[in-house]
Structure formats: structure tokens, C-alpha cells
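What follows draws every value from the coordinates through simple rules; no lab data is involved. All values derive from a computational prediction rather than experimental measurement. Note: ideal-geometry Cβ built from the backbone for every residue, glycine included; neighbour counts use all protein chains shown.
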Amino acid sequence: MAVDAQENSMDLPIIDLDIFRNKPRESPEVQSECLRAAKALISFGALVLHDSRVSEQDNDNFLDLLEDYFAQPEEELKKDERPELSYQIGVTLENTEKPKCAVDEPCLHVIERLAPSERPLDISAHSPDPKCRFFWRMVERPPYETQFPGLNAANIVPDAPHIKERWTPTMNQWGTSMKNAVEGLTEMAAVGLGLPAETFKDAGRYGPHLLAPTASDLNKYGEKDTILAGFHTDLNFLTIHGRSRYPGLHIWARNTGKRIGVKIPKGNYLLVQAGKQLEHMTGGLIKAGFHEVVVNEKTVEVINARKEQFPDRPLVRISSTFFWHLSSDYDLVPIPHVADQAKALRAEQFNLGKDEGEEVEYPPMKVGEQVQSELKHIALMA
Ligand SMILES: [Fe+2]
């Protein structure tokens, strides 16, 4: 199936964090922008976030650094692997992580319910993703003893001289921009859902947040219709992305079932997607958003253009991703009045003839338990 046959041109809502940061909290502009943010997450599971503090130059420095890092020989990268910590720190080499959906029944049913023209590339062959990744924690130490110390291990700085020096400042600079932006959005979403602004931010204060760039070697995996990351949802609360140099990220909006080719405008814009922890906490009012990364026709165009323009640069697709998590020791329970809205919305969808599949249970658990159970599914934890 051709992925680019009909790229959906529908644009995601653009939410302005500047309005929230600069105007009085009770002002109609702030209240309506927060409502738009919540609605975007409910309808699309995703939105484009504008934050004037975000600098394109910081993203560029970050992408340059990560291209250099992943262009190193495999034996150099292997030094940064920590399988004993379930790869939750340092590097994960290609063909380790399996798309959960390939082995997960409810997820396969999600694909079945999509129109054939809107389905993701076929992941049923079960092969792990051909992508590498680096996990860089950006956390605040909790003032209490955590039940989940394995998820809170120390960072690894790569050893190569041309990388070592600029690693920590570059990772922290870009990571902090994305962390600040996504934390601002957690406040907007809370207000939009009728909750105190700090509800989610406080619940994630000591979360094992990760700056998690992924890398795909486009010399090896640059052929059209190659799956770089198979159809899946993210296990954390919200995922935020900077602009990648190569297109290829597709997302699925809950309300339309259409595949959307993501375009992040140039400048101070980021893409945010809902993850499983947000779904759990809202009792399914906001659903974790499905996505895939593939080589589509536009990816191939950019590969060819960059080969000409930057013949000396590594041909690596870096996705600049930040996973914002709830604190591991936090009790993950749906918020009652939000869960009631979720039930009402589900009934409404049903009456409109939209089949959202089996009703999902959200049993109470620690966030750390939820993360561990998700990691088992994607073959990162024994
Ligand atoms: Fe993802």
C-alpha cells in the first residue's frame, strides 16, 4: 500500500502557550485557549504548540550533535548500552524495540477499524524497528525514597572527544526548552478540562522524563515504504517533538480515523502527542495517539536534496523527542469527573455510529507499574 497516495492535508490545531504565559489566568483569551488545547487533545490526541521561548538554533545544534553521535561505529555506540536497566538510559541500537501493536490484540483491532487507505504500513511481520535511540534523563530527584529506582538511573555521557564536550550542554539546552513547553501545556490542558492548573504538572514533578532522540540510518533504510517506527502509542503522559529534518511522521486522529502527515511550521513550534498515562488519568477522555514513522515520498525528496546540499553530513534521520512522564510513585487513577465526561463522549460517538472498540478498563496502579508492564510488551524488559 502506498503511504503517500493521499497525504491528509488536514492541519492540527495550533495552541499558543504565549497567551497562557503572558495574559491573566482568568482572562477570556487564556480560558478559551486552554479549552482549545483540551479539545485538540480529545479530538486529535495531538496538537502543534507555539512557544516563543523555543529557539530553532537550539534544535539545529541538537540535530547536528545527534547526527554526529549516531554516525559513529557500532562498537563505540555499544559502550553506551545498558540492557540491565531495560535500556531506560543510554543507547538502544537498531532492531531491539518491537512495535507493541504487532503483538497486541486491541491494537490490531484499531488497524482493522481504519479504512484500508488510511492504515499504517503493515507491521505484522513482527520485526523490531530499524531505529536507534538515546535516552537522556531530565529529572528532579524526589524528596522521598522511590519504589522504582531502576527507572531513575544516572545519565551516560558518550566518550568520543568530538562529542563529549558539547553533549551535556546541548542536550540540556534543547531538553529544557521542550520540557518547559510541555509542562506549560499540561497546565493549559488541566485548565481546559476544568481542573486546577497544576494537577498534571505536580503529578509529574519527579517523573523520569527523557530526552529521547531516535536515529534512522537513511543509507540503509532510506527506501520508500520502509518502516522506521511501526504503528504504536507512547506509554508516557505527553510526548513533545521538535522539527525533524526529514518528514515521515504520521499520526491518526481519533475522530476522523485519517492518517495525517505531520508538518511542524518553522520557528517556535513543537508537536505534542498524548500518551497512555494521560489516557489513564482522564479515563479515556483523551486517548493516546497512534503514530508511525516511515519513509514516504517526501522523505525521499529530502534525502535526495540533503545528499546534494550537505554531502559531508551523515545521512541520519534524527527525531527530537521528549517523553514527559508522571512520577513513578504516583497513583494512577482516572479523575472521576473527567472519567464521567469520557463515558458521555463514548456514548455520543457510539450514537454517531463510530465504533471505538471494546471499553477499556483503567485499574488503579502506580505509574511505575504501568511503565514496567508496557516495557514488557515492547521487548525492552525481560
Ligand atoms: Fe512513539
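Odds and ends about this structure:
- Violating pairs (Cα-Cα greater than 30 angstrom) within the set Lys179/Lys276; Lys220/Lys263; Lys179/Lys376; Lys131/Lys298; Lys23/Lys366; Lys164/Lys366: Lys23/Lys366; Lys164/Lys366
- Added length on full extension, which subtracts the Cα-Cα distance from 0.36 nm per residue, Asp60 to Arg205: 49.4 nm
- Approximate spin-label separation Ala160-Gln349, in nm, with each point projected 7 Å along Cα-to-Cβ: 4.4 nm
- Sites listed here are trypsin sites (Lys or Arg not before Pro) in the range 342-377 whose DSSP assignment is loop and whose Cβ has at most 16 other Cβ atoms within 10 Å: Lys354.
- Shown here: the chain, whose C-alpha atoms stretch 54, 51, 44 Å along the first, second and third principal axes, sorted largest to smallest.
- Length-normalised contact order of the chain in % [C-alpha pairs under 8 Å, at least 6 apart]: 24 percent
- Selection from Phe231, Pro83, Trp252 lying farthest towards where the dipole of the chain points positive, charges on Cβ: Trp252
- Of the residues Ile286, Pro334, Ile303, the one whose Cα sits farthest toward the positive end of the charge dipole of the range 281-368, with +1 on the Cβ of Lys and Arg and -1 on the Cβ of Asp and Glu, is Ile303.
- With Rh defined as the Kirkwood radius, the inverse of the mean 1/r over Cα pairs, the Rg/Rh of the range 298-382 is 1.20.
- Karplus-based coupling profile of the range 58-65, in residue order and whole Hz: 5, 5, 4, 4, 5, 5, 4, 4, with θ = phi - 60° in 6.51 cos²θ - 1.76 cosθ + 1.60 and x standing for Gly or Pro.
- Cα centre as origin, Lys/Arg/Asp/Glu Cβ charges: the chain dipole, Debye: 420 debye
- Each Lys or Arg adds one and each Asp or Glu takes one away; over the other residues whose Cβ falls under 15 Å from the Cβ of Asp80, this sums to -2.
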